[in-house]
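Notes follow once the structure below has been shown.
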Amino acid sequence: MNQSLFILGRQPELGIAELESLYGSEAVQPIGFNAAILSVDADDIFFGRHGGSIKYAKVLHRIDSTDWNKIEKYLLTTIPELSENAPGGKFKFGISTYGLSVSVGRLNASGLTIKKAVKATGRSVRIVPNKAKELNTAQVLHNQLTSELGWEVLLVRDGNSTIVGITKSVQDIEAYAARDQARPKRDARVGMLPPKLAQIIINLARPGDGATVLDPFCGTGVVLQEASLMGYNVYGTDLDPRMIEYSEANLQWLNITSVERHIQQGDATATQWSNPFTTIAAETYLGRPFTGLPTPKVLEEVMQDCDTIHRKFLKNVARQTGSGFRMCIAIPAWKTKNGFRHLKMLDSLEELGYNRVDLKHVRTRELLYYRPDQIVARELVILVRK
């Protein structure tokens, strides 16, 4: 079977969890710190829905060595041969390495040597120089290295061997930025859920074909927009009528007519959802934002407030869903000097009617999304009704 190679994002655990939820644990093999092999043909992957990976490639070969001299020898033979099969025109290529002991200077020197070998076949060629050991997504996109006339060669260390892949696609950073910053309605006071994280939450909820995704805390509609782009019908509710207006405006701006949407005002802890839904994917109530460490008393008060809201919310969902219902919610966790503090509600999930889904390759408490300067993190929790 053909394999695919994924380069994971800033928090690799989230990317691994996403791959496992989409393709099953047996198909995923984590390698190194920030990569994974997937037992799925690269041509069968819809990469636009992956929020936790920045690149994916078709696996070309495994070199039984991590010695750069042997790797360079392989590339010196293989790239000129394969470039001859590309369409006519100027051929472009770049090299990215992950986990290998090679300097940027040596990488560039190897690239020039390979360039000479390609030119010797009569082919016009240009190499993208390395400023770091790996090309960033902007470089790959700008230089069209995923086109018919472009290659990014990925080299990833896996123990004592090296995986060689040819990049098929990278994250479309401009599209993400547009969906995040160019929306007509934004409000920093209710949180700014990144579209990439919204995609991960949806994928961990694992909606099936034709599903309707409910977001009971829809805010400005980021989860709803990303679910719509994946082809799911969407249903959003929020306690604040202004957020209903914002979500409607943002979804109209997105202009997707192939899915159904329904948005209405409603309290997630008490509302009776009038439309049927298949799964829940949501960022819940994160509590008060902090710019610095709160006092222990203030933190306890905020945690208690959030805990009460989440218990009521989960009880409300349990009343309206049956056994096997699956959802993923992003809930608050607070970074302190002694590590993260978590909602006490997580210790009572069985009493509330749920089982927390365990993943094979990632521990549940590792599913945290945060930046180094943030006090309030988002903890991703996958739940199944008992």
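The values are calculated or read from the model by the stated rules, or taken from the named source; none is laboratory data. This is a predicted model, so every value here is computed, not measured. For neighbour counting, all protein chains shown are included, and Cβ atoms are generated from backbone atoms with ideal geometry for every residue, glycine included. Note: accessible area is taken over every heavy atom of the protein model, side chains too, but ligands, DNA and RNA are not part of it. Shrake-Rupley method; radii C 1.70, N 1.55, O 1.52, S 1.80 Å.
Evaluating residue 224 against the criteria (1) under 15 Å from residue 49 (Cα atoms); (2) in contact with a Leu (Cβ under 7 Å, 6 or more places away or on another chain); (3) open to solvent by 40 Å² or more (accessible area, probe 1.4 Å) leaves one unmet condition, (3). In region 274-294, the residues that are under 18 Å from residue 209 (Cβ atoms) reach residues that are assigned to a loop (DSSP other than H, G, I, E, B) and of a type outside the set (Gly, Ala, Ser) with C-beta atoms within less than 8 angstrom, at least six apart or across chains, in these pairs: 278/207; 279/206; 279/207; 279/325; 280/216; 281/207. Flag: residue 293 matches the condition of being modelled with pLDDT under 95, assigned to a loop (DSSP other than H, G, I, E, B) and touching a strand residue (DSSP E or B) at 6+ places or on another chain (Cβ under 9 Å). Within region 361-374, being surrounded by 14 or more Cβ atoms within 10 Å (Cβ to Cβ) and free of Cβ contacts under 8 Å to residues at least 24 places away in the same chain holds for one residue alone: 364. For region 142-157, filtering for residues that are open to solvent by 10 Å² or more (accessible area, probe 1.4 Å) and either β-branched (Val, Ile, Thr) or closer than 19 Å to residue 98 by Cα (or both) leaves 3. Considering region 1-41, the residues that are polar (S, T, N, Q) and under 21 Å from residue 135 (Cα atoms) include one that is least open to solvent (accessible area, probe 1.4 Å), namely 4. Every test in (1) within 17 Å of residue 112 (Cβ to Cβ); (2) touching a residue at least 60 places away in the same chain (Cβ under 8 Å) is passed by residue 69 save one, and that test is (2).
Test residue 353 against the stated conditions and say whether it is at positive phi and among the small types (Gly, Ala, Ser). Considered against the rule, which asks whether it is at positive phi and among the small types (Gly, Ala, Ser), residue 353 comes out as yes.
Being among the aliphatic types (A, V, I, L, M), in contact (Cβ under 8 Å) with a residue 60 or more places away in the chain, surrounded by 18 or more Cβ atoms within 10 Å (Cβ to Cβ) and under 14 Å from residue 223 (Cα atoms) is a description that applies to residue 329.
More than 28 Å from the chain's Cα centre (by Cα), buried (at least 17 other Cβ atoms within 10 Å of the Cβ) and part of a helix (DSSP H, G or I) - does that describe any residue in region 300-311? Yes: region 300-311 contains one or more residues that are more than 28 Å from the chain's Cα centre (by Cα), buried (at least 17 other Cβ atoms within 10 Å of the Cβ) and part of a helix (DSSP H, G or I). The condition (being surrounded by fewer than 21 Cβ atoms within 10 Å (Cβ to Cβ), touching a strand residue (DSSP E or B) at 6+ places or on another chain (Cβ under 8 Å), among the hydroxyl-bearing types (Ser, Thr, Tyr) and at pLDDT 95 or above) is satisfied by just one residue among 323, 348: 323. Taking residue 44 as meeting all but one of (1) at pLDDT 95 or above; (2) among the acidic types (Asp, Glu); (3) open to solvent by 60 Å² or more (accessible area, probe 1.4 Å), write down the number of the exception. Of the numbered conditions (1) at pLDDT 95 or above; (2) among the acidic types (Asp, Glu); (3) open to solvent by 60 Å² or more (accessible area, probe 1.4 Å), the odd one out for residue 44 is (1). Residue count for region 89-110 satisfying the condition of being open to solvent by less than 10 Å² (accessible area, probe 1.4 Å) and in contact with a Pro (Cβ under 7 Å, 6 or more places away or on another chain): 0. Scan region 191-207 and tell me whether some residue there is modelled with pLDDT under 95, open to solvent by 40 Å² or more (accessible area, probe 1.4 Å) and aliphatic (A, V, I, L, M). Yes, the conditions are met somewhere in region 191-207.
Yes/no matrix, rows are residues, columns are (1) under 20 Å from the mean Cα position of the chain (by Cα); (2) outside any strand (DSSP E or B):
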| residue | (1), (2) |
| --- | --- |
| 141 | yes, yes |
| 148 | no, yes |
| 167 | yes, no |
| 186 | no, yes |
| 196 | yes, yes |
| 201 | yes, yes |
| 213 | yes, no |
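Residue-level analysis places residue 358 outside the set of residues that are open to solvent by 10 Å² or more (accessible area, probe 1.4 Å) and either under 18 Å from residue 306 (Cα atoms) or part of a helix (DSSP H, G or I) (or both).
Screening the candidates 167, 162 for the property of being buried (at least 19 other Cβ atoms within 10 Å of the Cβ), within 22 Å of residue 51 (Cβ to Cβ) and among the β-branched types (Val, Ile, Thr) yields one hit, 167. Taking region 367-386 as the region of interest, how many residues are farther than 16 Å from residue 348 by Cβ, hydrophobic (A, V, I, L, M, F, W, C) and either touching a helix residue (DSSP H, G or I) at 6+ places or on another chain (Cβ under 8 Å) or part of a strand (DSSP E or B) (or both)? Final tally of qualifying residues: 6.
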